[in-house]
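Engineer: Below you will find the structure I want to go over with you.
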Amino acid sequence: MNARRSFLRTDVLDALDLDAYAQAAYDASVAQTPRCAADSPEEARRREIAWLNLRWFMQTLLDRMDRASMASCLEARVPFADHRILEYVWNIPWGMKYRNAAVKYILRAAGRGWLPDSVLYRAKSPYPKTYNPAYEKLLAERMRDLLASPNEPLHNYVCRKKAEDFLAAPADYGKPWYGQLMAAPQRIAWFLQLNSWLRRYF
């Protein structure tokens with residue numbers, strides 16, 4: 001959250017308790033986790049993590065996939081996100097899902113004899129995304145145009161100088177462990193999308 005908060009105006013930061021809001025949203029989500037009385041504390045925590053992943057991160061990925069495919073007049077399907085599979089796998093013990101230092105063990109075991117080992121046991125690749133300097137340049141230009149237009153609603157929340165300083169910074173953004181999901185191009189795109197949302201609904 002600090003990456004996006006760094007763009008906000010001081011008066012906005014003073015008026016909002018973003019940490020408390022995020023903690024309350026987290027607590028409410030965790031409280032909805034389906035429980036199993038037989039779970040150890042460690043297994044219960046794994047269940048919470050899986051629930052948060054399903055309720056937040058996976059929703060974002062599925063929504064993105066749906067919008068991207070429908071924009072091309074395609075209706076995509078995600079077989080492993082079928083609710084019947086999710087409901088079944090939800091109660092499989094972790095020891096069966098992760099075995100012999102292999103994640104997705106059950107899925108890999110089911111594929112034996114159908115797929116070559118080079119496919120079954122290859123390392124996981126990240127969710128497809130494009131990182132191209134031309135794309136980043138285009139986003140930065142659009143962000144600069146937005147910052148130069150005083151009537152854009154984003155100005156009510158974002159500090160122009162902070163945003164301009166960020167755009168002028170070197171391209172090493174300290175990528176987090178999960179890849180480029182919060183790197184500069186995604187961060188700039190998020191603010192451009194936020195401005196579009198504000199313009200449409202406020």
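Engineer: Scanning for something of a type outside the set (A, V, I, L, M), in contact (Cβ under 8 Å) with a residue 24 or more places away in the chain and surrounded by 11 or more Cβ atoms within 10 Å (Cβ to Cβ), does segment 71-87 turn up at least one residue?
Structural biologist: no
Engineer: Please tell me if A140 is surrounded by 10 or more Cβ atoms within 10 Å (Cβ to Cβ) and not in a helix (DSSP H, G or I).
Structural biologist: Numbers: surrounded by 10 or more Cβ atoms within 10 Å (Cβ to Cβ): yes; not in a helix (DSSP H, G or I): no.
In short, no.
Engineer: So which of D63, D27, D14 is loosely packed, with under 11 Cβ neighbours inside 10 Å, at pLDDT 95 or above and either outside any loop (DSSP other than H, G, I, E, B) or out of contact with any Cys (no Cβ under 6 Å at 6 or more places or on another chain) (or both)?
Structural biologist: Numbers: D63 fails: at pLDDT 95 or above; D14 fails: at pLDDT 95 or above.
Step by step, each of D63, D27, D14 is checked, and only D27 is loosely packed, with under 11 Cβ neighbours inside 10 Å, at pLDDT 95 or above and either outside any loop (DSSP other than H, G, I, E, B) or out of contact with any Cys (no Cβ under 6 Å at 6 or more places or on another chain) (or both).
Engineer: Among the residues of segment 30-40, count how many are in a loop (DSSP other than H, G, I, E, B) and either free of Cβ contacts under 8 Å to residues at least 40 places away in the same chain or hydroxyl-bearing (S, T, Y) (or both).
Structural biologist: Filtering segment 30-40 down to residues in a loop (DSSP other than H, G, I, E, B) leaves 32-40.
Retained after the next criterion (residues that are either free of Cβ contacts under 8 Å to residues at least 40 places away in the same chain or hydroxyl-bearing (S, T, Y) (or both)): 32-33, 35, 37-40.
Of the residues in that region, 7 qualify.
Engineer: Taking R112, is it more than 24 Å from the chain's Cα centre (by Cα), of a type outside the set (A, V, I, L, M, F, W, C), surrounded by 11 or more Cβ atoms within 10 Å (Cβ to Cβ) and at pLDDT 90 or above?
Structural biologist: Values: more than 24 Å from the chain's Cα centre (by Cα): yes; of a type outside the set (A, V, I, L, M, F, W, C): yes; surrounded by 11 or more Cβ atoms within 10 Å (Cβ to Cβ): no; at pLDDT 90 or above: yes.
Here the answer is no, as R112 does not meet what is asked.
Engineer: On to the next question. Consider N91 carefully, then state whether it is surrounded by fewer than 14 Cβ atoms within 10 Å (Cβ to Cβ) and either over 30 Å from N195 (Cβ atoms) or in contact with a Gly (Cβ under 8 Å, 6 or more places away or on another chain) (or both). Talk me through it step by step, then tell me what you get.
Structural biologist: On the way: surrounded by fewer than 14 Cβ atoms within 10 Å (Cβ to Cβ): yes; either over 30 Å from N195 (Cβ atoms) or in contact with a Gly (Cβ under 8 Å, 6 or more places away or on another chain) (or both): yes.
So N91 fits the description; yes.
Engineer: Assess whether Q186 counts as being under 17 Å from N2 (Cα atoms), part of a helix (DSSP H, G or I), at pLDDT below 90 and within 21 Å of the chain's Cα centre (by Cα). Let's see the steps before the verdict.
Structural biologist: Working: under 17 Å from N2 (Cα atoms): yes; part of a helix (DSSP H, G or I): yes; at pLDDT below 90: yes; within 21 Å of the chain's Cα centre (by Cα): yes.
So Q186 fits the description; yes.
Engineer: Here's something else I'd like to know. How about segment 1-11: which of its residues are modelled with pLDDT of 90 or more and either over 20 Å from C159 (Cβ atoms) or of a type in the set (K, R) (or both)?
Structural biologist: Applying the first criterion (modelled with pLDDT of 90 or more) to segment 1-11 yields 8-11.
Across segment 1-11, the qualifying residue is only R9.
Engineer: Out of (1) loosely packed, with under 10 Cβ neighbours inside 10 Å; (2) farther than 21 Å from K104 by Cβ; (3) in contact with a helix residue (DSSP H, G or I) (Cβ under 9 Å, 6 or more places away or on another chain), the odd one out for R35 is which?
Structural biologist: Tallying (1) loosely packed, with under 10 Cβ neighbours inside 10 Å; (2) farther than 21 Å from K104 by Cβ; (3) in contact with a helix residue (DSSP H, G or I) (Cβ under 9 Å, 6 or more places away or on another chain), R35 fails exactly one: (1).
Engineer: Output the number of residues of segment 120-135 satisfying the condition of being out of contact with any strand residue (DSSP E or B) (no Cβ under 9 Å at 6 or more places or on another chain), assigned to a helix (DSSP H, G or I) and either of a type in the set (A, V, I, L, M) or modelled with pLDDT of 90 or more (or both). Steps first, answer last, please.
Structural biologist: In the first step, residues of segment 120-135 are kept if they are out of contact with any strand residue (DSSP E or B) (no Cβ under 9 Å at 6 or more places or on another chain); the result is 122-135.
Now restrict to residues that are assigned to a helix (DSSP H, G or I): 133-135.
Imposing the further condition that a residue be either of a type in the set (A, V, I, L, M) or modelled with pLDDT of 90 or more (or both) reduces the set to 134.
So the answer is 1.
Engineer: Which residues, counting only those in segment 99-119, are basic (K, R) and in a helix (DSSP H, G or I)? Break it down stepwise before answering.
Structural biologist: Of segment 99-119, the ones basic (K, R) are 99, 104, 108, 112.
Answer for segment 99-119, where residues must be basic (K, R) and in a helix (DSSP H, G or I): just R108.
Engineer: Right, something else. In segment 138-180, what count of residues is obtained for those that are in contact with a helix residue (DSSP H, G or I) (Cβ under 8 Å, 6 or more places away or on another chain), acidic (D, E) and at pLDDT 95 or above?
Structural biologist: Final tally of qualifying residues: 1.
The values are calculated or read from the model by the stated rules, or taken from the named source; none is laboratory data. Quick caveat: nothing in here was measured; it's all calculated off a predicted structure. Positions of Cβ are generated from backbone atoms using ideal geometry, with glycine treated the same way; all protein chains shown enter the neighbour counts.
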